[in-house]
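S.K.: Below you'll find the structure I mean.
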Amino acid sequence: MGELGLHEYLNLSDHGFDAFLVEFRIARNIPVVHRARLLDILADWRSSEPCHDVERLTNQLYNEGLTNGKRAVSLSSKVLMLESPSTICPIDRLVRARLGLAENDYEQYRTLLESYIIANEAAIQECFQNVSPYASVIEENFSEIAELPEIRRSRLIDKLLWTIQN
């Protein structure tokens, strides 16, 4: 069995790029006709510096007319999270509302997110300790990934933003 090509990944039924876009609620941000182009951009993006720049990707997608005339910051943050899950914490309307962010701006979001983390460090640590035994069972199959604790923390903070009241 050969290696899966980039565009074949797009249409895998349960595990392809389209499935990711649907699961992360960002499929509406990019029309089907532009998804292959998005994959091409992301393939090039992986080798660019800085590849973690959510605003730069957002602007590129917008300027190329791929995002229905909108700044798709949520889309950009979520697809870049795939590349760098330890450093990219995705943004969407729920976390923007939780943090009181009116603008769809990732840099402003990061600033507010850092304040949220500082203000809620005790709750974050408690949750982190509570999930650690369970997460460790899952993570033991991925021991080659050095950033697992950072990834776990980033994903936990994302979920806390969805659920915990300020």
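Bear in mind these aren't lab numbers, they're just calculated from the coordinates by the rules spelled out. Keep in mind that this is a model prediction, so the values were computed, not measured. Note: ideal-geometry Cβ built from the backbone for every residue, glycine included; neighbour counts use all protein chains shown.
S.K.: Give the residue list of trypsin sites (Lys or Arg not before Pro) in the stretch 33-78 that are DSSP loop and have at most 15 other beta-carbon atoms within 10 angstrom.
M.R.: Answer by residue number: R46, K70.
S.K.: Hey, what's the Kirkwood Rh for the chain if you take every pair of different alpha carbons, in angstrom?
M.R.: 17.2 Å
S.K.: Quick one: what does P(r) look like for the stretch 12-96 with 10 Å bins over all Cα pairs, in whole %?
M.R.: Answer for the stretch 12-96: a P(r) of 18, 57, 25, 0 percent.
S.K.: Hey, for a label at R25 modelled as a point 7 Å past Cα toward Cβ, could you say which residues of the stretch 86-103 have their backbone N under 18 Å away?
M.R.: Counting only backbone N, you get 89-103.
S.K.: How large is the charge dipole for the chain, taken about the Cα centre, if only the Cβ atoms of Lys, Arg (+1) and Asp, Glu (-1) carry charge, to the nearest 20 debye?
M.R.: 720 debye
S.K.: Name the GluC sites (Glu not before Pro) in the stretch 66-133 that are in a loop by DSSP and that have at most 15 other C-beta atoms within 10 Å, would you?
M.R.: Loop-located and lightly packed - E103.
S.K.: Something else: Calculate for the chain the 222 nm mean residue ellipticity that helices alone would give, adding -39,500 (n - 2.57) per DSSP H run of length 4 or more and normalising by residue count, nearest 500 deg cm²/dmol.
M.R.: -18500 deg cm²/dmol
S.K.: Which residue, chosen from I118, N104, H52, occupies the Cα position most advanced towards the positive end of the dipole of the stretch 6-163, where the dipole is computed from +1 (Lys, Arg) and -1 (Asp, Glu) charges on Cβ about the Cα centre?
M.R.: N104
S.K.: Relative to the present Cα-Cα distance, how much length would full extension add between E64 and A36 at 0.36 nm per residue of separation?
M.R.: 8.8 nm
S.K.: Now for a separate question. For the pair H15/H52, report the inter-label distance in nm, with labels modelled 7 Å from Cα in the Cβ direction.
M.R.: 2.8 nm
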